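Take a look at the structure set out below.
The values are calculated or read from the model by the stated rules, or taken from the named source; none is laboratory data. Please read these numbers as outputs of a predicted model, since none were measured by experiment. A quick note on method: Cβ atoms are made from the backbone with ideal geometry, for glycine too, and the neighbour counts reach across all protein chains shown.
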Amino acid sequence: MNFVVSVAIITYNHEYYISKAIESALMQSTNFNFDIVIGEDCSTDRTRQICEDFAQKDGRIKLLPSEKNLGASLNFSRTLKSCNGKYIALLEGDDFWTDHLKLQKQVDLLDNNHEFSFCFTDRMIVDDKDILLRERSIPESKRRILSYSDILSGFTPPTQTVLFRAELLDAQILDTMKIVFNGDTLLFGYLSTKGYAGYLNSVTSTYRQHYGGMYSQINHITRLKHKLFTLGKLLEVVDNLKYKKSISKAIGVSLVRLFVLYFKEGQYLESCKILFKIIKLDLEMYSIYFLKGLKLLIINIFRKNYPITD
């Protein structure tokens, strides 16, 4: 059977959430065939059993079990590689979709707009008890069609809302995805160099914010270090100078934030190391990230609670 969409679900220790994720994919009302590919990463709870039960009941579900824990990055890559649809939709095992027409709307959008390499929507945010935290999460300024400069400058569309053209994936990006922490940042950055990111002004999905979430368990310094590594790898997989310049700008912004965070934590040696990287980048790009770093540092000296995030 030919599938128009493959829904890629990655999951690990999501026994309290995975049923809702799978059900939200199964409830999609479409005029085309779709399948669901679940990358189950050797969970230590009942996640695999739940996935197996769903797979036995519905032939659209393809389960990819693992006999050892691969880690999120490798699991993400192998799951995408196993998708055969013309388009691929992304969903993590602790999130879920709320609009039964999500896939239909997004396929129609990409079918009618060949200049879009992928598309996304807005999302809600809930906690582990399904209590609503935010009705929408995308800044109003980003609720529109986005170009590579929007994506590469640091905005990452909500992963659980994205549908993209599978033909744009190649072996290099899939292999690179295996070694980066921010697989979504790498993927969407790469896709943005292949076309625009279409936007549907609709809330179709829900992101679950909980302490068991992989991303929520790490601090801002670690997040920035992961992001810088990912951006460095993204530089290696794009060849157009205009894309490289946008990625380098994102690297500059992240270095400035990391420089100040290290200083605030009293890790002055690490802060100096980052400062040297900023100076090197300024010399290469004729930029002023050194001055931006000093400005942000001064602001933080006088405003102790001034937020710095990744």
Can you find a residue in region 122-130 that is part of a helix (DSSP H, G or I) and buried (at least 16 other Cβ atoms within 10 Å of the Cβ)?
no
State which residue is farthest from LEU110 (Cα to Cα) when the search covers only region 165-213 and only residues that are of a type in the set (Gly, Ala, Ser) and surrounded by fewer than 23 Cβ atoms within 10 Å (Cβ to Cβ).
GLY212
Do any helices (runs of 4 or more DSSP H) entirely within region 192-299 hold 2 or more residues that are farther than 30 Å from GLY93 by Cα, and if so, which?
241-264, 268-285
Could you list all residues from region 31-48 that are in contact with a strand residue (DSSP E or B) (Cβ under 8 Å, 6 or more places away or on another chain) and over 17 Å from LEU163 (Cα atoms)?
GLY39, GLU40, ASP41, SER43, THR47, ARG48
Residue within region 169-180 that is without any contact (Cβ under 8 Å) to a residue 60 or more places away in the chain, out of contact with any helix residue (DSSP H, G or I) (no Cβ under 6 Å at 6 or more places or on another chain) and either on the phi < 0 side of the Ramachandran plot or in the same structural domain as VAL238 (by TED's automatic domain parsing) (or both) present
yes
If ILE298 satisfies every condition in (1) at pLDDT below 95; (2) among the β-branched types (Val, Ile, Thr); (3) surrounded by 13 or more Cβ atoms within 10 Å (Cβ to Cβ) but one, which is the exception?
(3)
Assuming VAL162 fulfils every condition listed in (1) farther than 26 Å from VAL253 by Cβ; (2) of a type in the set (Val, Ile, Thr); (3) surrounded by 23 or more Cβ atoms within 10 Å (Cβ to Cβ) apart from one, which condition is it?
(1)
With the condition kept exactly as written, say whether any residue in region 301-309 is at pLDDT below 95 and part of a helix (DSSP H, G or I).
yes
Within region 142-159, is there a residue that is outside any helix (DSSP H, G or I), acidic (Asp, Glu), in the same structural domain as GLU15 (by TED's automatic domain parsing) and farther than 27 Å from CYS51 by Cα?
no
When VAL180 is evaluated against the numbered criteria (1) in a helix (DSSP H, G or I); (2) out of contact with any strand residue (DSSP E or B) (no Cβ under 7 Å at 6 or more places or on another chain), which criterion, by number, is the only one it fails?
(1)
Exactly one condition in (1) surrounded by 17 or more Cβ atoms within 10 Å (Cβ to Cβ); (2) of a type outside the set (D, E, K, R); (3) closer than 18 Å to ARG208 by Cβ is false for LEU74; which is it?
(3)
Scope region 194-247; condition among the polar types (S, T, N, Q) and modelled with pLDDT of 95 or more; matching residues:
ASN201, SER202, THR204, SER205, THR206, THR230
Can you report the number of residues in region 133-158 which are farther than 16 Å from ILE247 by Cβ and in contact with a Ser or Thr (Cβ under 9 Å, 6 or more places away or on another chain)?
3
Could you count how many residues in region 126-168 are under 13 Å from SER205 (Cβ atoms) and either touching a His at 6+ places or on another chain (Cβ under 7 Å) or among the aromatic types (Phe, Trp, Tyr) (or both)?
0
Scan region 120-151 for residues that are closer than 21 Å to LEU186 by Cα, acidic (Asp, Glu) and touching a Leu at 6+ places or on another chain (Cβ under 9 Å) and jot them down.
ASP122
